[in-house]
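Heads up: the structure comes next, in structure tokens.
The values are calculated or read from the model by the stated rules, or taken from the named source; none is laboratory data. It should be emphasised that the depicted structure is a prediction, and the values quoted were computed from it without experimental measurement. Here the Cβ positions follow ideal geometry from the backbone for every residue, glycine too, while neighbour counts run over all protein chains shown. Accessible surface areas use protein heavy atoms only, side chains included; no ligands, DNA or RNA. Shrake-Rupley method; radii C 1.70, N 1.55, O 1.52, S 1.80 Å.
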Amino acid sequence: STMRKRKTTDSSHSSTDLSEGKEKLRLKQEVGLISGVSLIAGTMIGSGIFMSPEWVLHYMGSPASSLLIWAACGLLAMFGALSYAELGTIIKESGGEYIYILRIFGSFPAFLFAYTSVILVRPAGLAAVCLSFAEYAVAPFYPGCSSPQVVVKCTAAACILLLTIINCLNVRLATSIMNIFTAAKLLALLVIVVGGAVLLAKGQTQSFQNAFQNTTAGIGAVGVAFYQGLWSYDGWNNLNYVTEELKKPEVTLPRAVMIAIPLVTCLYLLVNVSYLAAMTPSEVLSSGAVAVTWGDKVLGSWAWLISLSVALSTFGSSNGTFFSGGRVCYIAAREGHMPDILSMAHVRCLTPSPALLFTSAMSLIMIISGSFTSIVNFFSFIAWFFYGMTISGLLYLKVKKPELPRSYKVPIIIPIIVLIAAVYLVLAPIIDQPQIEILYIVLFIFSGVILYFPLVRFKCHPRFLQRVTLHLQLFLEVAPTTKD
């Protein structure tokens, strides 16, 4: 099997390294428990909780059912992350879904994931978060009117370029920024929670009377509501992308998951209750930015604090998305599924700078066109297709290879529940409300076949690519890293 082959090659590699006594270039293990919790919570708490509540309410139709969706999304994210924690202790390599699909199912499906993720999904997710950061960051300069799109897009582009510089310079700098911004956004959410508690104490409970009235029952509507809610939880799997950079991954990975996700879920539920205490359901639905409307109603002249908090929150989230997204590109290149230059690291900074630069370039292209809601829907469709594939891989290992060493085991019922949810989230919108965009996404995924066979399977690489790689190596000051 692929995994057995890998073990033999690993042992032979390590013995060669010891006999030769050569110093190898590796990424540093600098992500501890606090940074791990910050990476998960800091990426999850982004633009979603400030923008998605109106859409969840729109698709569900009633306050109580929308709160149930938020709770169910948190539970699903927790189950998914616990399943991934076991995978991370069996396959101790960075790369998340990509490396798990590669080791369990083989090269072809892993290439399709890498191709889709590196070219489309990760850059689109980063572009969506940076666009929402830009919306909130420039809003105070255009009071009473909508911000010009050119200004918003230029601000989003500047955000991506700043993140590129930070992440290319130093891993510790990137994680420190993540820790600071996570603390700031937790504080902002606590302000909203406390404000809601005060309103409820004063008796503002009209939104919770007949709370299930007008609830939608269609499977498609529930599926799309889940997409919008799960967008706010996206990032639950981010620590699996940087497993090789974790201190004691077998301990840090499960612990960070068990701290971060319940914390975020509780905060999200309390924040939604606060929104509904301050506004009627119809006011939530008509609000372009729920958090800002809440700030205007509750904080009065201090409402600008909410816009600032959302801008800080989305910047911190985009930093986490960028940090982990660049690693997928780097690991895929290291396994021969992307150009060699993307598998290299800076000789002094020890960061995967070519992969980060490529992710940055693709995100800048995504910013030029695309709306927030459409990006969220197609992002979620692709993501849950591959999450389902990864979870089925874990079930295969639990049944067929129980002897594999693992420091953490999740009860088998949990990945089964996640797999059923993934199948539902992929199929429900197609069955209930088929859209042409989903067909385009599926065609894009399978267009990878055209590239896979000549470039990966038969290794038909044009000679000029070697010269380009060499020049880029010298220009970017990068070198190949040790392949674990």
Completion exercise
L397 fails exactly one of (1) under 25 Å from S107 (Cβ atoms); (2) under 23 Å from the mean Cα position of the chain (by Cα), namely (2)
Completion exercise
Counting only helices (runs of 4 or more DSSP H) entirely within the range 348-451, those with at least 2 residues that are open to solvent by 70 Å² or more (accessible area, probe 1.4 Å) and among the β-branched types (V, I, T) are 353-368, 413-432
Handout entry: Candidate set: the range 170-217, residues that are among the charged types (D, E, K, R) and either within 22 Å of V56 (Cβ to Cβ) or outside any helix (DSSP H, G or I) (or both); chosen: the one modelled with the lowest pLDDT
Key = K185
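Conditions tested, residue by residue: (1) crowded, with 19+ Cβ neighbours inside 10 Å; (2) of a type in the set (V, I, T); (3) over 30 Å from T89 (Cα atoms).
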residue: V151; (1), (2), (3): no, yes, yes
residue: V171; (1), (2), (3): yes, yes, no
residue: V194; (1), (2), (3): no, yes, yes
residue: L200; (1), (2), (3): no, no, yes
Practice task
Could you figure out which of (1) in contact with an Asp or Glu (Cβ under 8 Å, 6 or more places away or on another chain); (2) surrounded by fewer than 17 Cβ atoms within 10 Å (Cβ to Cβ) isn't true of P462?
Solution key: (1)
Problem - Cross-chain or 6+ apart pairs with Cβ under 6 Å, the range 132-145 first and of a type in the set (A, V, I, L, M), then open to solvent by 30 Å² or more (accessible area, probe 1.4 Å) and assigned to a helix (DSSP H, G or I) - result: A134/T155; A137/T155; V138/V151; V138/T155
Fill in the blank from the handout: Scanning the range 148-179 residue by residue, those β-branched (V, I, T) and without any contact (Cβ under 8 Å) to a residue 12 or more places away in the chain turn out to be V150, I165
Problem - Residue match in the range 84-103 (condition: at pLDDT below 85 and open to solvent by 50 Å² or more (accessible area, probe 1.4 Å)) - result: no
